[in-house]
Structure formats: C-alpha cells, structure tokens
Amino acid sequence: MSGFSYFRDKFYEKTGLDLDCYKEGQMQRRIKQFMQRYKAESYAHFWNLLEKNVEIMNSFKSYLTINTSSFFRDPQIYSALQEKIIPAIVKQFKKIEIWSAACSTGEEPYSLAMMLTEMGLAAKSRIEATDLDYEAIKAAKTAIYHEKQLEPVPQEYRHKYFCRKGEHQYELCPEIKRMVIFKRANLLKTMERKDYHLLLCRNLFIYLKPQVQERLLSSFMKNLLQGGFFVIGSAEYISSPAKFGLEKVEHAIYRRVK
Ligand SMILES: C[S@@+](CC[C@H](N)C(=O)[O-])C[C@H]1O[C@@H](n2cnc3c(N)ncnc32)[C@H](O)[C@@H]1O
C-alpha cells in the first residue's frame, strides 16, 4: 500500500477521522498545500512527520476542519427561524430542544441563544452544540470574539450580550453562555440517540461525499422528532428530502413529516 491510501489508513488509526468521507479532490488539495509548508515530498514522509510531532499533527487536524463560521450567518434563515419555525415548535411541543451539529467556534448556537432570549423563550430552551475540533470547542466555551466577528450581530444584541475584554475583544455574557452545552463529537462515528425539535447541520455537507451525506442524514433523522425541523447551509441542498421523511418548508429548512 502506498500514497494516499497508506496515509489515510494511518491517520484513521491514530485519530479516528476517516478522510475517505470527505470529497476527495478538495481534501487532497488541502493536504498537499499543508505538506508543501513542511516540504514533505510524499504521503509516507508526511506521515512520519505527523507521527513524530504532536504540534504539527494538531495544527494539521485544525487545518483540515474548516472552521469558518459567523454570528447570524445567512440572516434570512434566522428570520425564518424567529418568525415561523420556533413559534411552530413551541406551539406543538411547549419547549425547544436544539442541536447545533458541527458548531465550530460557537457563533451558531450562541446566535440561537440570543434570539431565544429575545423571544422570551430562554427558560423553555435547551441547546447542545458539538464539533469534531477540540480547539474550536475550546474557543466556543471561552466565547471571546474579535470585534470584527461581532459585525453581523444586531447592534442592540451587541450592547446587551457582550462586554469588552481587552482592546479589540468582546466576551459573551454568562447568561447566554450558560444556555449552550458544548461537546466534542465526530458525526461520522456513532451518535448518541436523543430527541430534538430543531437540528442544524450547516456548511458541513458541502465537504462530504454524497453517499456520506446520505448516511449522516439518516442518522440525524433518528434524532429528530416527527414535526421537528432540520436546517442546512444556504448553499447546500438535499436532493430527495422525501427519502428521509423530510419536506422542504423554507430555503434550507426542512420539516420531518414521517
Ligand atoms: C464550515 S464549519 C461550519 C460551522 C457552522 N455550522 C456554520 O455554518 O457557520 C464546518 C465545521 O464542521 C466540523 N466538522 C468537520 N468534520 C466533522 C465531523 N466528522 N464531525 C463533526 N464536526 C465536523 C469542522 O470542525 C468545522 O467546525
């Protein structure tokens, strides 16, 4: 065995992350770029380097998991959640259990927490948030953001929910932090079984192979109550929602009908 398959197997044994689940061209391009930084000439040479150096291994793992996120990303989705989806959930279930899967550094679950607080629903809400990347989860728990990251946050929320922490940094207030429970979890391994009313997995599917997207979607459906809602990224789509018991209700928002 040589080349990429050798590297992929070694990496899986060591980290539990299956590189085969991700779109191949995109994944290999990123790995090659990283290898160039360290002048690694082959996958075998690169593997030797990672095995010997924990720091390079950690920085490679963080580099692989693209952590781009922002507060209130795709505002039209948050408007639909606030105006239609959340009121519908609360009307039917009297409470709202949320899972923000692949939450990166916390902007998504915290945006939801601020929104629910503004809607007077904090006491009825429970938000769990998970990501593969330890560093991202660590940053999410700390909840300190650069002022640039706060730009999409509505002005009145910024004043209410953040306080200055150093020259260009802001920290989220404890009231909002407390609403989100963060955990590290690999979505491509076995999932805990739970019942959620609202499940978000945004901007991860685009990196996954179509058959892996389908597998993941089936696992998600086991965790979403009938009548609950599933949200994806605005540039993503589900080609046959009915196959998963879903019905499209808004752009990037689906309801579990079966
Ligand atoms: C582009 S970010 C999306 C963040 C957020 N959902 C959003 O839309 O703003 C993708 C996230 O997926 C996470 N990720 C990648 N593979 C994963 C896996 N197998 N299990 C859980 N999270 C994963 C990455 O660590 C990264 O934080």
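Rounded if a/c is under 1.5, else prolate if a/b is larger than b/c, else oblate: which is the chain, with a ≥ b ≥ c the root eigenvalues of its Cα gyration tensor? Display every interim value, and only then the final one.
On the way: a/c = 2.31, a/b = 1.39, b/c = 1.66.
Judged from the Cα gyration tensor, the chain comes out oblate (a/c at least 1.5, b/c at or above a/b).
Within the same chain, aspartates and glutamates fewer than 8 places from Lys165 are excluded, and of the rest, those with a Cα less than 15 Å from its Cα are Glu147. Summing Cβ point charges (Lys, Arg +1; Asp, Glu -1) relative to the Cα centre of the range 205-258 gives a dipole of roughly 220 debye. Pull out a ≥ b ≥ c, the square roots of the eigenvalues of the alpha-carbon gyration tensor of the range 88-140, then state rounded if a/c is under 1.5, prolate if not and a/b is larger than b/c, and oblate in the remaining case. Prolate.
Annotation for the range 229-258: chymotrypsin sites (Phe, Trp or Tyr not before Pro) lying in DSSP loop with at most 15 further Cβ atoms inside 10 Å of their Cβ are Tyr237. Ratio of Rg to Rh for the range 3-64: 0.90 [Cα atoms; Kirkwood radius as inverse mean 1/r over pairs].
Ranked for footprinting exposure by Cβ neighbours inside 10 Å, fewest first, Tyr145, Tyr38 give Tyr38, Tyr145. Near the amide H of Tyr22, within less than 5 Å, lie the amide hydrogens of Lys209, all on another chain or at least 5 residues away, with H placed in the peptide plane. Taking trypsin sites (Lys or Arg not before Pro) across the range 47-107, the ones in a DSSP loop with at most 16 further Cβ atoms lying within 10 angstrom of their Cβ are Lys94, Lys95.
Between His251 and Lys148, what length in nm is gained on full extension when 0.36 nm per residue of separation is reduced by their alpha carbon distance? Can you show the working numbers first?
Values: separation 103, 0.36 × 103 = 37.08 nm, distance 2.74 nm.
So the chain would gain 34.3 nm between His251 and Lys148.
The aspartates and glutamates within cross-link reach of Lys84, meaning a Cα-to-Cα straight distance under 14 Å and a gap of 8 or more places when in the same chain, are Glu250. Scaling the Cα radius of gyration of the range 51-98 by the globular reference 2.2 N^0.38 Å produces a ratio of 1.99. Largest first, the three principal axis extents of the alpha carbons in the range 191-258 are 27, 26, 19 Å in whole numbers.
Quick check: convex hull of the Cα atoms in the range 16-137, volume per residue, rounded to a whole Å³? Could you put the intermediate results ahead of the total?
On the way: hull volume 16.5 nm³, N = 122.
That works out to 135 Å³ per residue.
Across the cross-link table entries Lys14/Lys222; Lys95/Lys177; Lys10/Lys222; Lys194/Lys243; Lys39/Lys189; Lys138/Lys243, which are compared at the Cα atoms, the separations over 27 Å belong to Lys14/Lys222; Lys10/Lys222; Lys39/Lys189; Lys138/Lys243.
For the range 1-77, run through the GluC sites (Glu not before Pro) and keep only the ones in DSSP coil with at most 15 other Cβ atoms within 10 Å of their Cβ. Can you show the working numbers first?
Details: sites: Glu13, Glu24, Glu41, Glu51, Glu55; in loops: Glu41.
Here the GluC sites (Glu not before Pro) that fit, given the DSSP loop and packing criteria, are Glu41.
Please report the spacing between the Cα centers of the range 152-175 and the range 5-64 in Å, no decimals. Distance between centres, Cα-based: 37 Å. Within the shell of other residues whose beta carbon sits under 11 angstrom from the beta carbon of Asn58, the net charge comes to -2, with Lys and Arg scored +1 and Asp and Glu -1. Rg over Rh for the range 119-236 works out to 1.00, both radii taken from alpha-carbon positions and Rh defined as the Kirkwood radius.
Values quoted throughout were computed directly from the atomic coordinates according to the rules given, and no laboratory measurement underlies them. What you see is a predicted model; the values in this text were computed from it and never measured. Every residue, glycine as well, gets a Cβ built from its backbone with ideal geometry; the counts of neighbours run over all protein chains shown.
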